[in-house]
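The values are calculated or read from the model by the stated rules, or taken from the named source; none is laboratory data. In this text the structure is predicted, and so the values were computed from the model without any measurement. Cβ: placed from backbone, ideal geometry, glycine included. Neighbour counts: every protein chain shown.
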Amino acid sequence: MEVNVEEIRGTWNLGYSLDKHTLSSTPIGPNEYGHMQFDTIRPPAGEALYQLKYRYDFSQVPIIANQLATSLAGRYQGISLVIPMPPSKLRNRQPVVEIAREFARIIGVQCHEDLLIKTTVTPAMKDTASRDEKVSALLNAFVVNDVLEDRPHNVLIVDDLYDTGSSLEAATQVLRSYPKVDQIFVATVTRKR
C-alpha cells in the first residue's frame, strides 16, 4: 500500500498518520430517498479504513495494521504497550480495537484495551463549537484504569481518524495524570487535513 505519512502535532510526544482520509468528494445527485450521493476518491489507507468501518470488511484489519507497522513503528522509540482509542460509536466489533490488537501483535508488545476507558457518552463533536470545549467535554469522559505494573511505560495510542485532535488531546491529558505512563505516542490510519 502506498501511503503519504505526515506528522500530527498535539500534546503527545510524537504522532503520525498514514495518509489522508479522502482525496476528493464530488456530489453526484440525490438517491431515491433524497440523500445526496458523492463520488469519493480515497487513497489506499482511506479506502481500507472505509471498507472496515462502513462495510464491515474485517479482512482490512491485517492490511491496515501491517501498514502501520511498516510505515510508523520504527519512528517511535521504546513503545512498551499499545492502547486503542476508546471508540465513540458502539459496535459489536470495534474497528480501532481490532487494528490496535493486530498492530501490537505484529510489533510484539501488549495491547491494553482496558487502560483508557470512556465512561460517558459525549455529544457529537461536530456539534461542539470550539476545540477547547471539545477537549473539556472529552476530558471528563475518559478515565485511566490502574492495570499496569509499576514501571513507567511508553504508550502508543492507535486511532482510526485524526480530525481536530481533540479526542487524542483529551486522552493524552488523562494518561499524563497516570504515573505509570511516561511518553505518549499517537498513530492514526487517516487524517482529514
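Whether any residue in the stretch 60-82 is of a type in the set (D, E, K, R), at pLDDT 85 or above, on the phi < 0 side of the Ramachandran plot and in contact with a Pro (Cβ under 8 Å, 6 or more places away or on another chain) is what I want to check.
Scanning the stretch 60-82, I find no residue that is of a type in the set (D, E, K, R), at pLDDT 85 or above, on the phi < 0 side of the Ramachandran plot and in contact with a Pro (Cβ under 8 Å, 6 or more places away or on another chain), so the answer is no.
For the stretch 2-24, what are the residues that are in contact with an Asp or Glu (Cβ under 9 Å, 6 or more places away or on another chain) and among the basic types (Lys, Arg)?
Matches in the stretch 2-24: 20 only.
Limited to the stretch 155-185, what total is found for residues that are in contact with a helix residue (DSSP H, G or I) (Cβ under 9 Å, 6 or more places away or on another chain), touching a residue at least 60 places away in the same chain (Cβ under 8 Å) and in a helix (DSSP H, G or I)? Let's see the steps before the verdict.
Within the stretch 155-185, the first condition is being in contact with a helix residue (DSSP H, G or I) (Cβ under 9 Å, 6 or more places away or on another chain), and the residues that meet it are 155-167, 169-171, 173-174, 181, 184-185.
Filter again for touching a residue at least 60 places away in the same chain (Cβ under 8 Å), leaving 155-162, 165, 167, 169, 171, 173, 184-185.
Within this subset, residues satisfying the condition of being in a helix (DSSP H, G or I) are 167, 169, 171, 173.
So the answer is 4.
Mind listing whichever residues of the stretch 145-154 are buried (at least 19 other Cβ atoms within 10 Å of the Cβ) and either of a type in the set (S, T, N, Q) or in a strand (DSSP E or B) (or both)?
First, pick out the residues of the stretch 145-154 that are buried (at least 19 other Cβ atoms within 10 Å of the Cβ): 148, 153.
The one that is buried (at least 19 other Cβ atoms within 10 Å of the Cβ) and either of a type in the set (S, T, N, Q) or in a strand (DSSP E or B) (or both): 153.
Which of the residues spanning the stretch 59-81 are surrounded by 13 or more Cβ atoms within 10 Å (Cβ to Cβ) and in a loop (DSSP other than H, G, I, E, B)?
Filtering the stretch 59-81 for residues surrounded by 13 or more Cβ atoms within 10 Å (Cβ to Cβ) gives 60-73, 75-76, 79-81.
Within the stretch 59-81, 76, 79, 80 meet the criteria.
Residue-wise test of (1) closer than 28 Å to residue 46 by Cβ; (2) at pLDDT 90 or above.
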position	(1), (2)
130	yes, no
141	yes, no
144	no, yes
149	no, no
152	no, yes
155	yes, yes
158	yes, yes
161	yes, yes
177	no, yes
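If a residue has to be more than 19 Å from residue 50 (Cβ to Cβ) and either surrounded by fewer than 18 Cβ atoms within 10 Å (Cβ to Cβ) or basic (Lys, Arg) (or both) to count, how many in the stretch 82-106 make the cut? Working first, answer last.
In the first step, residues of the stretch 82-106 are kept if they are more than 19 Å from residue 50 (Cβ to Cβ); the result is 82-83, 86, 90, 101, 104-106.
From what is left, the residues that are either surrounded by fewer than 18 Cβ atoms within 10 Å (Cβ to Cβ) or basic (Lys, Arg) (or both) are 90, 101, 105-106.
Looking only at that region, the number is 4.
Out of all the residues in the stretch 161-173, which are surrounded by 22 or more Cβ atoms within 10 Å (Cβ to Cβ) and either in contact with a Pro (Cβ under 8 Å, 6 or more places away or on another chain) or not aliphatic (A, V, I, L, M) (or both)?
The answer is 162, 165, 167, 171, 172.
Consider only pairs whose beta carbons are under 7 Å apart and that are at least six residues apart or on different chains; among these, list those whose first residue lies in the stretch 1-13 and is closer than 29 Å to residue 153 by Cα and at pLDDT 95 or above and whose second residue is among the basic types (Lys, Arg) and part of a loop (DSSP other than H, G, I, E, B).
Hits for this filter: zero, empty list.
The conditions are (1) under 24 Å from residue 174 (Cα atoms); (2) surrounded by 14 or more Cβ atoms within 10 Å (Cβ to Cβ); (3) out of contact with any Pro (no Cβ under 8 Å at 6 or more places or on another chain); (4) modelled with pLDDT of 95 or more, and residue 48 fails exactly one of them. Which is it?
(1)
Of the residues that sit in the stretch 174-186 and are more than 25 Å from residue 20 (Cα to Cα) and crowded, with 17+ Cβ neighbours inside 10 Å, which one is farthest from the chain's Cα centre (by Cα)?
Quick first cut of the stretch 174-186, residues more than 25 Å from residue 20 (Cα to Cα) only: 174-183.
Then keep just the ones that are crowded, with 17+ Cβ neighbours inside 10 Å; that gives 174-175, 178, 181, 183.
Numbers: 174: 16, 175: 15, 178: 20, 181: 19, 183: 17 Å.
This residue is 178.
Hey, any hits in the stretch 96-119 for a residue that's in contact with a Lys or Arg (Cβ under 8 Å, 6 or more places away or on another chain) and more than 18 Å from residue 148 (Cβ to Cβ)? Steps first, please.
Residues of the stretch 96-119 in contact with a Lys or Arg (Cβ under 8 Å, 6 or more places away or on another chain): 111, 113.
Imposing the further condition that a residue be more than 18 Å from residue 148 (Cβ to Cβ) reduces the set to none.
There is no residue in the stretch 96-119 that is in contact with a Lys or Arg (Cβ under 8 Å, 6 or more places away or on another chain) and more than 18 Å from residue 148 (Cβ to Cβ).
Would you be able to say whether some residue in the stretch 92-109 is in a helix (DSSP H, G or I) and either in contact with a Phe, Trp or Tyr (Cβ under 9 Å, 6 or more places away or on another chain) or at positive phi (or both)? Before the answer, list the steps.
In the first step, residues of the stretch 92-109 are kept if they are in a helix (DSSP H, G or I); the result is 95-107.
Add one more test, that the residue is either in contact with a Phe, Trp or Tyr (Cβ under 9 Å, 6 or more places away or on another chain) or at positive phi (or both), and what stays is 95, 98.
Within the stretch 92-109 (the criterion being in a helix (DSSP H, G or I) and either in contact with a Phe, Trp or Tyr (Cβ under 9 Å, 6 or more places away or on another chain) or at positive phi (or both)), the answer is yes, since at least one residue qualifies.
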